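Q: My questions all concern the structure below.
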Amino acid sequence: MYSLVRGKRIHQSMIDGVIRIEKMKADDTFFNEFNYEEFDVEPNVEKLNLEEDEDYKKILQNYADQSKKYLEEKQDETAKMMQAQKEKVAKLVAARKAKLEEEAKKKKEAEQ
């Protein structure tokens, strides 16, 4: 999904729809795998007092670490992509400027 958005393969107005569809797919996959609805998990975590359980804390920390790593990687990829785009634009501007200067020089020589 991230590549669709970043690669501009879909219109910006469709991003919210794609996110909703991906959430539904993830919820269905979760239900098919564990036979529980996603919205049933949190109340049962509280009911069973799992917030204090060390194994549960490790799972949450692992998830947080993986999410942070993923977001940092995507941020780096995006920064590199933006830098490459800036360099491309700078080259195009420089080439256009050189072409205009050359045309002006030829025009000036033709007038003399």
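The values are calculated or read from the model by the stated rules, or taken from the named source; none is laboratory data. Predicted, not measured: the structure shown is a model, and the values here were computed from it. All Cβ positions, glycine included, derive from the backbone under ideal geometry; neighbour counts span all protein chains shown.
Q: Among (1) of a type in the set (S, T, N, Q); (2) modelled with pLDDT of 90 or more; (3) surrounded by fewer than 10 Cβ atoms within 10 Å (Cβ to Cβ), which single condition is Gln61 missing?
A: Here Gln61 clears every test but (3).
Q: Give me the helices (runs of 4 or more DSSP H) completely within the range 5-112, filtered to those with at least 2 residues that are in contact (Cβ under 8 Å) with a residue 24 or more places away in the chain, ordered by residue number.
A: On the way: elements: 15-34, 38-47, 54-111.
Filter on the range 5-112 gives 54-111.
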